[in-house]
1. About the Cα centre of the chain, what is the dipole size in debye to 20, counting +1 per Lys and Arg Cβ and -1 per Asp and Glu Cβ, all else neutral?
2. Could you give the angle, 0 to 90 degrees to the nearest 10, between helix 50-61's Cα long axis and the longest principal axis of the Cα atoms of the chain?
3. Quick one: Debye curve from the alpha-carbon atoms of the chain only, equal weights, vacuum; give me log10 I(q)/I(0) at q = 0.19, 0.22, 0.27, 0.29 Å⁻¹ to two decimals.
4. Tell me, what is the 1.4 Å probe accessible area of ILE58, in Å² to the nearest 10?
5. Measuring from a point 7 Å past the Cα of LYS65 along Cα-to-C-beta, which residues in the stretch 19-38 have an amide N at less than 11 Å?
6. Put VAL29, VAL34 in order of accessible area, largest first, 1.4 Å probe: what do you get?
7. Taking 7 Å along the Cα-to-C-beta vector as the label spot, tell me the PHE33-ALA15 distance in nanometres, rounded to one decimal.
8. Set the Förster radius R0 to 22 Å, insert the Cβ-Cβ distance between THR2 and ALA25 as r into 1/(1 + (r/R0)^6), and round the FRET efficiency to 0.05.
Amino acid sequence: MTVIRTLQNESGASAARAEIHETDAGYEVHYYFVGTSSTPVVERYYNHSVHYAESAAINWSEGVKQLNG
C-alpha cells in the first residue's frame, strides 16, 4: 500500500486529514478525525480512477462530503 496524497484541513472546529492510498486492488481513502480517534474510516474505490478518490477526499476535507458509518 502506497500513500499517494495527503490532504489536511485545519480550519473550523476540528482538524481533518484524508490519505489516498494505492493498493493492488485499486484506491482507498483513509479519513482521520484529528483529536478524536487514531483509527481511520476507510472507503474503497477499487473500480474508480485516482481522480475519483481524490475528489472524494477533497470534498470530505472541505466539509462537502459526509461519511456514512
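The values are calculated or read from the model by the stated rules, or taken from the named source; none is laboratory data. If you're wondering where the values come from, they're calculated on a predicted model, not measured in any experiment. Cβ coordinates were reconstructed from backbone atoms using ideal geometry, including for glycine residues, and neighbour counts include every protein chain displayed. To get the accessible areas, we keep the full protein, side chains included, count just its heavy atoms, and leave off ligands, DNA and RNA. Shrake-Rupley method; radii C 1.70, N 1.55, O 1.52, S 1.80 Å.
1. On the way: 4 positive and 8 negative charges, 26 e Å.
Its charge dipole is roughly 120 debye.
2. 10 degrees
3. Log10 I(q)/I(0), no solvent term: -0.68, -0.90, -1.29, -1.43.
4. 50 Å²
5. What the label zone holds, given the 11 Å backbone N cut-off, is 19-21, 28-31.
6. Working: VAL29 0, VAL34 65 Å².
The most accessible residue leads, giving VAL34, VAL29.
7. 1.7 nm
8. Details: r = 13 Å, r/R0 = 0.58.
After rounding to 0.05, the efficiency reads 0.95.
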